[in-house]
Amino acid sequence: MSGESSAPGGSPRTPRPGTQKTSGSVTKKGERSVKEKPPTVLPPVGEEEPKNPEEYQCTGVLETDFAELCTRLGYTDFPKVVTRPRPHPIFVSSASMSEKPTPDDQRLSASCSLNSLESKYVFFRPTIQVELEQDDSKAVKEIYIRGWRVEDRILGIFSKCLPSLSQLQAINFWKVGLTDKTLTTFIALLPLCSSTLRIAHLSLRNNNIDDHGAQLLGQALSTLHSCNRTLVSLNLGFNHIGDEGAGYIADGLRLNRSLLWLSLAHNRIQDKGALKLAEVLRPFELTHTEVVERRRLLLEKGSQERSRSPSSSRHGDFKMDRDKSQMLGMSTAALADKPDKMQTMKAPKGLSKKKEKPGEVVKKEEKSGSGQSPTQGTPKKEDTAKSSKGKVTIPEQKQSKGKGTKMGSKEKRSILLESELVAETTEMINPLLEPVEHRDGKVFMPGNKVLLHLNLLRNRITEVGLEAFLTAVQYQVQFKSKGVSKGPVGLLWLSLAKNCFDPQCPMYTTIQELMLPRDPIKTKLREEEAMAFPI
């Protein structure tokens, strides 16, 4: 018993190392650290949160805007905007080459080689090279990106900062790894730039652009309801464009009247694509959709001309008055006197003093139906001169000296210009309003004669496609020989070398002979040689 009672009454147990006994409760050491809150860490003074890039207003300086937008997007290692380097010729005198290098020169050459090695590494880093205007050192004129992949993030930044560059004229993306997605994003960027500036030159060399990419570019050139009017040159050399893609580019050239220079060199175009390209250079048949759109544009143009013509409004007022008079039971005699009264009221006083017969008034109203205002007293000599020239009769530019109801000088000037230049204006607005030819129930457009330079070097064209280009060149030469001085003249330079035909074949020789006098550079060289070495 005593032994059993002494066992529990021995020395008390020592607590384990991980626990403590406080006021009748045992707690672990880790619980105290959990209950204690860590001190709040405040951000250092002067450090701000990342700003929203959408709130940034571009300044028009590409280096500043691009860096700021990249920083706001959390883009740390971004390409730098640098001025495009220009090679400088190095002249070394023969005396310096004969001298032996000194130790100082050797140390200098070693440091220079180290610097050149570092500069080579810097050269391979992605950069955005720019050419600046001579007058303004911050105005970017051209952008060059070569040898590094342009991602969607970069294109998104460009869509924000490029429209603010008021002097930008050219964009060169050479071997930047464009995909279908990035090419679509880039093409969508062009209208944003065109609304504020004129992108005249675009180079997309060596980007693996296939037929689908060519389709996107062809639609950017022109569609039935839209047309690019700023792009002058397009370089698509060294890509993967085949017959289908060449057809898409040709479709874009059907209604495009701004592109002057096109390069499809080093692609995969065969005869089918060559036939499509040659087709748009000579009269081609309009599709049913194009014919319907042309009729709609003609109706719209006619309604606009009728609304601008002052004679149509007078006839409309007279018709309304006649209807009202018939409803009121007015006598026919009073109605017959009304044109004379209206004519005398609306004619200038200088002309109203002269007595006119009723027959002359009727003749004038008949003439006014053809577009001439009845208030204009045009002399007979000017009428015969205008009719001999074949022009549409338009209101006289000089105002009569008499007082009374007369048209303002600005309004008359606008009507004169609209009447004389209506053909040229419609050509700029929509090529579907160009003069067409009807043959066998079909409508033919004269073809694209705005394109001056076409490069199809190193493709896969045979004599089948070569014959199509020969037909197109013969038509354009014949069109020029008719003495058409105004307007575009067609191709001045055509390159079909290094294709799948014999360079000595008769068709290729004929094309070269026809194009030789049209090439302005070769013509100028021949003139300079003739002046330098007279016979």
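The modelled label-to-label distance for the pair W148/S307, using points 7 Å beyond Cα in the direction of Cβ, is 5.3 nm.
I154 sits with roughly 0 Å² accessible to a 1.4 Å probe, with DNA, RNA and ligands left out of the calculation.
The largest accessible area among D519, D502 belongs to the first residue in D502, D519, and the rest follow in falling order (1.4 Å probe, all chains). Estimated at 0.36 nm per residue, the fully extended path between L457 and F533 surpasses their Cα-Cα distance by 24.0 nm. Once all protein chains are placed together, V436 keeps about 40 Å² accessible to a 1.4 angstrom probe.
Electrostatic bookkeeping for L231 treats Lys and Arg as +1 and Asp and Glu as -1; over the other residues with beta carbon under 13 Å from its beta carbon, the sum is +3. In this simple spin-label approximation, Q478 and Q167 carry label points 7 Å from Cα along the Cα→Cβ vector, and these lie 4.9 nm apart.
Checking the cross-link pairs K480/K524; K141/K524; K141/K522 against a 21 Å limit on the alpha carbon distance flags K141/K524; K141/K522 as lying beyond it.
If the segment from A188 to T509 were pulled out straight at 0.36 nm per residue, it would be longer than the present Cα-Cα gap by 111.3 nm. Taking amide H positions as modeled 1.01 Å from N, with prolines and chain starts lacking one, no residue 5 or more places away or on another chain lies under 5 Å from C227. Other residues lying with their Cβ under 11 Å from the Cβ of T287 contribute a combined charge of -1, Lys and Arg counting +1, Asp and Glu -1.
Largest accessible area first, the listed residues L456, L73 line up as L73, L456 when surface is computed with a 1.4 Å probe on the assembled protein chains. Two decimals is fine: what is log10 I(q)/I(0) at q = 0.18, 0.23 Å⁻¹ for the stretch 446-508, from a Debye sum with one equal scatterer on every Cα and no solvent? With one equal scatterer per Cα and no solvent, log10 I(q)/I(0) is -0.68, -0.98. Compared with the direct C-alpha span, the chain from E300 to L132 gains 56.0 nm at full extension, assuming 0.36 nm per residue.
A simple spin-label model places pseudo-atoms 7 Å from Cα toward Cβ; at A200 and S159 they are separated by 2.8 nm.
The values are calculated or read from the model by the stated rules, or taken from the named source; none is laboratory data. These numbers come from a predicted model, not from an experiment. Note that each Cβ is placed from the backbone with ideal geometry, even for glycine, and that neighbours are counted across all protein chains shown. Accessible surface areas use protein heavy atoms only, side chains included; no ligands, DNA or RNA. Shrake-Rupley method; radii C 1.70, N 1.55, O 1.52, S 1.80 Å.
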